[in-house]
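Derivation of every value follows stated rules applied to the coordinates shown; laboratory data play no part. Please read all numbers here as calculations on a predicted model, not as lab measurements. Neighbour counts run over all protein chains shown; Cβ positions are idealised from the backbone, glycine included.
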Amino acid sequence: MSDPTNSRKTEHIRAIEKDAGVDRNHHHYDAIRLRHRALPQLDLNQIDPSCEFLGKKLSFPLLISSMTGGDHEQLRTINRNLAIAAERCGVAMAVGSQRVMFSHPGAKASFELRQYAPTALLMGNLGAVQLNYGFDIEQARRAVEILDADALFLHLNPLQEAVQPEGDTDFSGLDKKIKALVEALDQPVILKEVGAGLAPEDVELGLENGVQIFDLAGSGGTSWSRIEHHRCRPDGERSLGLLFQDWGIPTPTALGLARPYMQQAQFIASGGLRSGIDMVKSVILGGSLCGMAAPFLKPAMESPEAVMTTIEHIKREFVTAMFLLGAADLEQLRLNDALLLDE
């Protein structure tokens, strides 16, 4: 039987293209209201939205979140265009799961991105559950090496695996294997959900085993459960993928639950962010970076310039929101509850 890992990558893209409902579009951030300042006492042109993450300076706290990669020209084009745009705009980028390159050597080219982004903050990506299916430090090092990555995402996707007929669902004992990987790898390991959020218990397990950065990746945006529904379509009227399409912890809620741990760890807010205003709200709630994927997929199919245009639109939204809050830099935003409007 042929390995389905590579074909899944293009099937995912097709599902996103043909079904607008894959983006659940729940707008959880709309429930958060901000305190407008009519006299912000600032010059809009002097606002500094820059930040530092993992020792690299970013023009503003945007992470182009994990999307794809594989042995297909479309997937190579998407990642290349994203990497070029990330470099030119001074933002971070994470690739999709690199598992595919171990079964399809041709997929490696889609992850050889440092040539296009020599100074950008780049993050590799492997599924944590693969540590229970034969992967170990050697595969992790190879994933980092191919990308010349600054860090490695270990993604947690129990829902996505559970709704796939071929899913890898043995998540037992992963915490200790994650600890061994954290201790052996030279680069930081980041624990990341893929759209259902991290609970406080997950954060505590990560902290106990040496993880210091978490991508909360809550619900409200792209539903991988619904994407897998399009791939699998199990027999019968009921579909696990559709039933669980809105399962999970919304990202703003996940940030609130993570608040007690923000002196010990850094948190990336992703899942359902669709504007610079959502990013500002995420920073106020404690996010160090803000991840988005869906807004960049279509532009990435076109050109680096199309991706750059989207990034610049989002940056303008972000800076405008800072101006209207009277915040001159990110230090005046982060964990500043005074900027939230009580209703």
Note to self: Let's test the formula: R0 of 22 Å, r as the Cβ-Cβ distance of Thr169 and Ala31. What FRET efficiency results, to the nearest 0.05?
What the structure shows: 0.05
Margin query: Need one number: convex hull volume per residue for the chain, Cα atoms only, in Å³.
Written below: 131
Notebook entry, point to check: Dipole of the chain, Cα-centred, from +1 at each Lys and Arg C-beta and -1 at each Asp and Glu C-beta, to the nearest 20 debye?
Noted result: 520
Checklist line | Whichever lysines have a C-alpha closer than 18 Å to that of Lys57, once near sequence neighbours (fewer than 8 apart) are set aside | finding: Lys315
Check: Evaluated at 4 °C with a viscosity of 1.567 mPa s, what Stokes-Einstein diffusion coefficient in µm²/s does segment 114-169 have when Rh comes from the Kirkwood expression over alpha-carbon pairs?
Finding: 104
Notebook entry, point to check: Short version: what are the Cα gyration tensor semi-axes of segment 175-281, square root of 5 times each eigenvalue, largest first, in whole Å?
Noted result: 28, 19, 12
Check: Setting aside same-chain residues fewer than 8 positions from Lys179, which aspartates and glutamates have a Cα under 14 Å from its Cα?
Finding: Asp136, Asp202, Glu204, Glu208
Note to self: Given R₀ = 35 Å, what would the calculated FRET efficiency be for Gln41 paired with Ser303, taking r from the Cβ atoms and rounding to 0.05?
What the structure shows: 0.30
Checklist line | Anchor Lys298: aspartates and glutamates whose Cα lies under 17 Å away (excluding residues fewer than 8 positions away in-chain) | finding: Glu11, Glu17, Asp19, Asp23, Glu73, Glu312
